[in-house]
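Trainee: One structure is given below, represented as structure tokens, and several questions about it will come after.
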Amino acid sequence: MNQNIFGPHLTLDLSGCNKDKLKNVEFIFELLNNLPDKIGMTKITQPYVFPYSGLVPEDKGVTGVIIIAESHISVHTFQEKDYAFIDIFSCKPFDYEAAAEFLINAFEAKSVDKNMIQRGLNFPRERIIIGQASPIEA
């Protein structure tokens, strides 16, 4: 992995999903609560998950996010359209193929648009050398 990149960002657009799962707040909560452990990340909050019903009635669904030490994971579902958007953004590498497969199976998606991008091109990283002051302390 290029040392001048902040980290990987997996995006999944899942369609043809199980409608019961897309509208189930408890399912999304448990998914977000357990996913960090499954992909080797560090959960620092409980998931924040809520049903959404906005100005466009067919756009209702569930939105959830969990903050991880490495960044965040989010889920947005559209139960009337059998659709889910999922993001996993991390400052460290993870097995994105395994994560994608787990999520595709969890939602029983029939169609998938998967994208993996590297975020923070040329992100400035400083090496930490034990016993020496960091640039902030100098």
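Trainee: Could you list, in sequence order, the residues of the stretch 34-48 that are farther than 14 Å from His72 by Cβ and either in contact with a Pro (Cβ under 6 Å, 6 or more places away or on another chain) or touching a residue at least 40 places away in the same chain (Cβ under 8 Å) (or both)?
Mentor: Those that are farther than 14 Å from His72 by Cβ and either in contact with a Pro (Cβ under 6 Å, 6 or more places away or on another chain) or touching a residue at least 40 places away in the same chain (Cβ under 8 Å) (or both): Lys38, Gly40.
Trainee: Select the strands (runs of 3 or more DSSP E) contained entirely in the stretch 46-114, then report the ones holding at least 3 residues which are in contact with a Ser or Thr (Cβ under 6 Å, 6 or more places away or on another chain) and among the hydrophobic types (A, V, I, L, M, F, W, C).
Mentor: Ranges flagged: 61-68.
Trainee: May I ask you to list the residues in the stretch 98-126 that are among the acidic types (Asp, Glu) and either in contact (Cβ under 8 Å) with a residue 60 or more places away in the chain or closer than 15 Å to Asp13 by Cβ (or both)?
Mentor: Across the stretch 98-126, the qualifying residues are Glu108, Asp113.
Trainee: Looking at the stretch 1-45, which of its residues are assigned to a strand (DSSP E or B), surrounded by fewer than 17 Cβ atoms within 10 Å (Cβ to Cβ) and either among the hydrophobic types (A, V, I, L, M, F, W, C) or more than 13 Å from the chain's Cα centre (by Cα) (or both)?
Mentor: The answer is Ser15, and nothing else.
Trainee: Could you list, in sequence order, all residues of the stretch 46-68 that are surrounded by fewer than 13 Cβ atoms within 10 Å (Cβ to Cβ) and modelled with pLDDT under 95?
Mentor: Within the stretch 46-68, Ser53, Gly54, Leu55, Val56, Pro57, Glu58 qualify.
Residue-by-condition table, conditions (1) within 13 Å of the chain's Cα centre (by Cα); (2) at pLDDT 95 or above:
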site: Phe102; (1), (2): yes, yes
site: Phe107; (1), (2): no, yes
site: Gly120; (1), (2): no, no
site: Ala133; (1), (2): no, no
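The values are calculated or read from the model by the stated rules, or taken from the named source; none is laboratory data. Keep in mind it's a predicted model, so treat the numbers as computed, not measured. Methodologically, a virtual Cβ is constructed for each residue, glycine included, from the backbone with ideal geometry; neighbour enumeration extends over all protein chains shown.
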